[in-house]
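Chemist: Structure below; questions to follow.
The values are calculated or read from the model by the stated rules, or taken from the named source; none is laboratory data. As the structure is a computational prediction, the values presented were derived from the model and not from experiment. Don't worry about glycine lacking a Cβ; one is built from the backbone with ideal geometry, like all the others, and counts go over all protein chains shown. Remember, those area values only see protein heavy atoms, side chains included, never the ligands or the DNA or RNA. Shrake-Rupley method; radii C 1.70, N 1.55, O 1.52, S 1.80 Å.
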Amino acid sequence: MQEKAVFCEENRDRKALFLYSEKSGRANIRKHLPEMIEELRDCFLTLDVFNSPSAEEGAKKAKEACGIYDVLIVFGGDGTMRNIINALAPMDNAPILGYINGGTISDIGVNFGIKGSHRHAVNIIKAGNIASFDVGKINDEYFGYVAAVGAFADIPYTVRRNQKKRIGRLAYYLKAVQEAFVPDKVKGVLRVNGQEIPFKTPFLLCLSGRNMAGFLVSRKSRFDDGKFELYITKPGLFNGLLHYFFFKMRTDCYISDHFEIEIDYSEPWDLDGEKGPVGVVTISCLPRRLKIFCAEKYKN
């Protein structure tokens, strides 16, 4: 049954740019790109289209869109969206984001009620409900919903692309099972809210929003409250992974808009599924820094 679209009259006065890459996203969704573009073209004053040959060119085009376009519609996965957020976060005149998930899991989309079919995502853009959301700054980089380090953090960028295309999110879960049996340990010191807290953990997770890796982590977490939740996972079976499903008291959670973290660990932080910095970091929350079209119940 096809979803019934609701049209936003404000969109008819907005100039939009549709940004995509032929290399990004699942083939079964990419084949619908022409119809998505034509349908959205009828909703805006103008809709220009840019097929990005690389992540760098996509980021450059996103920056150039600031002050020229009112809306930037992005087709891709979490990594693509993180690349765009990283480009827009420093800008003061960023366009409203529209997101059409072409990736495997799309945690960032789920946090705004953008899930399911590409048809659903297009209808959300048409409806015009908008949410402002917090952006994280970690050293000199930015992220939209998660920064993580330790066990499982490398999964988004180490799983092979052809495997993701073949079996979808199962590729991530199979990799997680492998890593669950290889003990990992991150040692360090957390400075937050005037406290200095030494820790030893399989992995750290800094989260804005509710979802991670396709699972609900926190029902109370919000993407627009100006604060992040930092989870320090206590050691346990399967690198402490079960604590997030059955034994949540086995994780320590700190809520703040600023964290300083010193760690002795050689692998990079994962930022929305892409490689980030290595080692010592400062994480700050930029409250309601960007805007995105969202499902009606998520608008603010």
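Chemist: Could you rank Glu57, Glu39 by how accessible they are, 1.4 Å probe, largest area first?
Modeler: Details: Glu57 75, Glu39 40 Å².
Largest accessible area first, the list is Glu57, Glu39.
Chemist: Within straight cross-link reach of Lys185, meaning Cα distance under 12 Å, which aspartates and glutamates are found once same-chain residues fewer than 8 apart are removed?
Modeler: List returned: Asp264, Glu267.
Chemist: Near the amide H of Phe18, under 5 Å away, which other amide H atoms are found, from residues 5 or more places off or on another chain, if H is placed in the peptide plane?
Modeler: Result for Phe18 returns Asp48, Val49, Phe50, Ile73.
Chemist: Put Asp134, Asp48 in order of accessible area, largest first, 1.4 Å probe: what do you get? Could you put the intermediate results ahead of the total?
Modeler: On the way: Asp134 0, Asp48 65 Å².
Order by accessible area, largest first: Asp48, Asp134.
Chemist: Over 20 Å between Cα atoms: which of Lys115/Lys234; Lys220/Lys299; Lys31/Lys63 fall into that group?
Modeler: Details: Lys115/Lys234 31 Å; Lys220/Lys299 16 Å; Lys31/Lys63 27 Å.
From the list (Lys115/Lys234; Lys220/Lys299; Lys31/Lys63), the Cα-Cα distance tops 20 Å for Lys115/Lys234; Lys31/Lys63.
Chemist: Right, another one. Quote the FRET efficiency, to the nearest 0.05, computed for Lys23 versus Met91 with a Förster distance R0 of 22 Å and r equal to the Cβ-Cβ distance.
Modeler: Step by step, r from the Cβ atoms, then E = 0.30.
Chemist: Here's a follow-up. Taking a ≥ b ≥ c as the square roots of the Cα gyration tensor eigenvalues, with a/c under 1.5 meaning rounded and otherwise prolate when a/b beats b/c, else oblate, which class fits segment 16-136? Walk me through the numbers before you get to the answer.
Modeler: Working: a/c = 1.19, a/b = 1.16, b/c = 1.03.
It comes out rounded by the Cα gyration axes.
Chemist: Would you work out the charge dipole size for segment 32-100 about its Cα centre, treating the Cβ of every Lys and Arg as +1 and the Cβ of every Asp and Glu as -1, and quote it to the nearest 20 debye? Intermediate results must be reported in sequence, preceding the final value.
Modeler: On the way: 5 positive and 11 negative charges, 53 e Å.
Charge dipole of segment 32-100: 260 debye, to the nearest 20.
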